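Colleague: One structure, as structure tokens, below. Some questions next.
The values are calculated or read from the model by the stated rules, or taken from the named source; none is laboratory data. As the structure is a computational prediction, the values presented were derived from the model and not from experiment. All Cβ positions, even for glycine, are placed from backbone atoms using ideal geometry, and neighbour counts span all protein chains on display.
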Amino acid sequence: MNTKNLKLAHILLVEDNEGDVLLTLDAFEESKFQTQVSVTRNGQEALDFLYCKGDFSEALKPDLILLDINIPILSGHEVLAIIKEDEYLKKIPVIMLTTSSCQGDIEKAYNKYCNSYIQKPLEMEEFVKAVLKIEEFWLQLTTLSK
């Protein structure tokens, strides 16, 4: 694959667990695809990033959002609802990447138009594989809206 003319994919990771942040960043470093990963650690920071407010005034619109449900200040469900109700943001794919296997969380996420719901694998190797599959599908196989 010719990677010279490929655009650098920009991913927003919304995650408060430092271990999961590091694992996700390591997984994307192993990727064959060039990515830039921005990290926010709570729901309010995620919205500030998406709306270029405060410390994120220079933030670029991400191509993909990986959103945990159980984050401080505003939950992932609240952030997802705001994203999907906004004309500027709603076309950005949002992948719920969470430890929750609760059917209520799954239903709530899809009812708010998440694009995918992935339960985080507990084993480190499986977690890395899951992130690489996300990257392969959403950034290599799928054509995203601009």
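Colleague: So if I check each of D63, D26, which one is surrounded by fewer than 17 Cβ atoms within 10 Å (Cβ to Cβ) and at pLDDT below 95?
Modeller: From the options D63, D26, the qualifying one is D26.
Colleague: Here's another thing I want to ask about it. For residues that are among the aliphatic types (A, V, I, L, M) and farther than 19 Å from I106 by Cβ, scanning just segment 129-138, find the one that is surrounded by the most Cβ atoms within 10 Å (Cβ to Cβ).
Modeller: Checking each candidate, the answer is V131.
Colleague: Here's a follow-up. Filter segment 86-95 down to residues that are part of a loop (DSSP other than H, G, I, E, B) and either closer than 22 Å to V131 by Cβ or among the basic types (K, R) (or both), then give me how many there are.
Modeller: Here is the first cut: in segment 86-95, the residues part of a loop (DSSP other than H, G, I, E, B) are 86-93.
Now restrict to residues that are either closer than 22 Å to V131 by Cβ or among the basic types (K, R) (or both): 90-93.
The number of residues fulfilling the criteria is 4.
Colleague: Tally time: how many residues in segment 23-56 are within 14 Å of the chain's Cα centre (by Cα) and either assigned to a strand (DSSP E or B) or more than 18 Å from D86 (Cα to Cα) (or both)?
Modeller: Summing the residues that are within 14 Å of the chain's Cα centre (by Cα) and either assigned to a strand (DSSP E or B) or more than 18 Å from D86 (Cα to Cα) (or both) in segment 23-56 gives 13.
Colleague: To continue, here is another question. Among the residues of segment 93-128 satisfying the criterion of being farther than 20 Å from V79 by Cβ and aliphatic (A, V, I, L, M), which is surrounded by the most Cβ atoms within 10 Å (Cβ to Cβ)?
Modeller: Filtering segment 93-128 for residues that are farther than 20 Å from V79 by Cβ and aliphatic (A, V, I, L, M), the one surrounded by the most Cβ atoms within 10 Å (Cβ to Cβ) comes out as V128.
Colleague: Six or more apart or on different chains, Cβ atoms under 7 Å: show the pairs whose first residue is in segment 12-29 and farther than 23 Å from K61 by Cβ and whose second is of a type outside the set (D, E, K, R).
Modeller: L23/M124; L23/F127; L23/V128; D26/V128
Per-residue answers, yes or no, for (1) among the hydrophobic types (A, V, I, L, M, F, W, C); (2) touching a Cys at 6+ places or on another chain (Cβ under 8 Å); (3) farther than 13 Å from E15 by Cβ; (4) not in a loop (DSSP other than H, G, I, E, B):
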residue	(1), (2), (3), (4)
V79	yes, no, no, yes
L97	yes, no, no, yes
I106	yes, no, yes, yes
Y117	no, no, yes, yes
